[in-house]
Structures are given as C-alpha cells and as structure tokens.
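These notes are about the structure you will find just below.
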Amino acid sequence: MTENPEEKVISAMERSADIYGVRKSYARLYGTLYFWDGDMTMEELSEETGYSRSTISPAMRKLEEFHMVSRSKKEGEGKKLFYTAEEDLEEAFKQLMNNQAKRELEVMQEALDNA
C-alpha cells in the first residue's frame, strides 16, 4: 500500500521536526491541520492522529506560540476550541526555526553568564 500525497508530506514534516529537535507530534498535528478543509477541534485531531487530548492540548499551545496555528471559538459551541493551520508553509517554518534559534541562544547566553 502506498502513502497518499498528504501523508508523504506529513512524514517529511515529522523527519524535519526530529532533525531540529521538535516533537514529531507537533509536525503531525500541524500537517493534519494543514491538509484539513477548515478548522478542527481537539476531538477531530484526536480521531485523525490517534493522539490523546493530553498530548494534543500542550502541543497546540506550543504550535500557537510558534504562530503555526491559530485558535478560535464559535458562537453556540460553548468552550470548544477550533484550530487552523498557518497556510504559508514557508512562514510557518520560519516561525518555528526562529523560535528554536531563540531558545538555543538563550541557553548559550545563560551558560556564558554562568561561566
């Protein structure tokens, strides 16, 4: 059985994430959202990825911090959150790399300060 084109891209995103020290689950969640038609709830993300809500919730907060996803609420849906992927892949990965580089610089600066 061959992978569908979307799964090939998501797998590539996971490999890239692993290279840069980012959790593969973040890449899979982002990729799933990227290829989904519209926004998704945590329940839908769980169904599509097989991840539990306890994995998805912190991952979505981190992806939102990276500006790779945005969340919203819909009238009449109570507290349910809806997530949408940043559609510009180049921009999304720039944001991710900027955040990773910033984190590494902070670690190095702290080490220098303590030396």
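The values are calculated or read from the model by the stated rules, or taken from the named source; none is laboratory data. This structure is a prediction, so every number in the text was calculated from the model and none was measured. We place every Cβ from the backbone using ideal geometry, glycine too, and count neighbours over all the protein chains shown. Please note that ligands, DNA and RNA were not included when accessible areas were found on the heavy atoms of the full protein model with its side chains. Shrake-Rupley method; radii C 1.70, N 1.55, O 1.52, S 1.80 Å.
In segment 69-97, the residues that are part of a helix (DSSP H, G or I) reach residues that are surrounded by fewer than 17 Cβ atoms within 10 Å (Cβ to Cβ) with C-beta atoms within less than 6 angstrom, at least six apart or across chains, in these pairs: GLN95/HIS67.
In segment 36-64, the residues that are under 12 Å from LEU81 (Cα atoms) and part of a loop (DSSP other than H, G, I, E, B) form Cβ pairs under 6 Å with partners that are at pLDDT below 95 and open to solvent by 70 Å² or more (accessible area, probe 1.4 Å), at six or more places apart or across chains, as follows: THR41/LYS80. No other residue among SER11, SER52 is modelled with pLDDT of 90 or more and either within 27 Å of ALA101 (Cα to Cα) or within 10 Å of the chain's Cα centre (by Cα) (or both) apart from SER11. The number of residues in segment 96-115 being under 21 Å from SER70 (Cβ atoms) and either modelled with pLDDT under 80 or small (Gly, Ala, Ser) (or both) comes to 4.
Going by the conditions given, is THR41 at pLDDT 90 or above and under 12 Å from the mean Cα position of the chain (by Cα)?
Values: at pLDDT 90 or above: yes; under 12 Å from the mean Cα position of the chain (by Cα): no.
No: the conditions fail for THR41.
Set side by side, the residues ALA92, ALA85, ALA12 differ, and just one is touching a Leu at 6+ places or on another chain (Cβ under 8 Å), open to solvent by less than 40 Å² (accessible area, probe 1.4 Å) and small (Gly, Ala, Ser), which is ALA85. With respect to the conditions (1) assigned to a helix (DSSP H, G or I); (2) open to solvent by less than 30 Å² (accessible area, probe 1.4 Å), ARG28 lacks only one, and its number is (2).
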